[in-house]
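The values are calculated or read from the model by the stated rules, or taken from the named source; none is laboratory data. Just so it is clear, the model here is predicted, and its values are computed rather than measured. Please note that ligands, DNA and RNA were not included when accessible areas were found on the heavy atoms of the full protein model with its side chains. Shrake-Rupley method; radii C 1.70, N 1.55, O 1.52, S 1.80 Å.
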Amino acid sequence: VGVIDTGVDSLHEDLKKNLKEYVHVTKGVAKKAVEDVDMHGTHVSGIIAATYGNGKGGAGVATGYDNDMVELYVASVQDDDDGSINDVDLIRAIEYMKEKGVKVVNMSLGGYTYDDNIHKALRAAYDAGMVLIAASGNDDTNKDSTPAVYKEVISVNSSDYYNEPSYFSN
């Protein structure tokens with residue numbers, strides 16, 4: 001499973017067992033990384049791959065009883081200076097996941113501009129057999145958020161206790 005987000009705390013005791021590799025992508029180059037300055041990616045990675053049965057925290061939905069169901073790959077695409085994500089880095093992160101043989105990629109990120117190059121990268125990943133998942137957005141708007149809007153991507157949003165979209169969900 002791949003997570004494209006703000007990064008991951010690679011030393012986190014609940015993630016070390018299942019985390020296979022973590023890179024920070026900047027200016028189109030993927031380099032090994034260690035920390036997650038925003039912690040959003042660490043949170044998302046924990047939902048997916050936190051170690052089962054270690055008596056700490058929770059258990060990820062994809063870890064399995066023996067922690068042998070998931071190998072986690074994380075790519076940070078958030079700019080350290082202003083928190084933005086540029087198209088070149090997102091495309092490189094998608095390509096990185098494809099190179100690693102990742103089968104499912106979660107992208108809890110988005111924006112409101114169409115980029116044909118991002119769509120082409122997502123289509124290539126989809127055609128290679130990857131399942132792509134992205135957030136629909138948390139801005140309480142009816143605008144289409146990319147990459148969630150593309151037909152190759154499963155769009156997800158937050159729901160409340162009554163299984164209705166949360167007040168802030170797109």
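A few remarks follow.
- Within the range 106-170, the proportion of Cα pairs with more than 21 Å between them is 24 percent.
- Extents of the range 70-153, taken as max minus min of Cα coordinates on every principal axis and listed largest first, are 34, 31, 25 Å.
- Under 17 Å of direct C-alpha separation, and excluding same-chain neighbours fewer than eight residues apart, LYS143 reaches these lysines: LYS151.
- Kirkwood-based Rg to Rh ratio, the range 102-143, C-alpha trace: 1.01
- Probing with 1.4 Å while keeping every protein chain in the model, the per residue accessible area of the range 114-170 equals 63 Å².
- From helices alone, the chain scores -6500 deg cm²/dmol at 222 nm; the rule is -39500 (n - 2.57) for each run of n ≥ 4 DSSP H residues, then divide by the residue total.
- The chain - percent of accessible surface contributed by carbon and sulfur, probe 1.4 Å: 49
- Partner aspartates and glutamates for LYS100 [C-alpha distance under 17 Å; skip if fewer than 8 residues away on the same chain]: ASP5, GLU21, GLU71, ASP89, ASP127
- The chain: equivalent-ellipsoid semi-axes (sqrt of 5 x gyration tensor eigenvalues, Cα, Å): 24, 20, 16
- Accessible area expressed per residue, the range 1-103, with surrounding protein chains retained (probe 1.4 Å, Å²): 52
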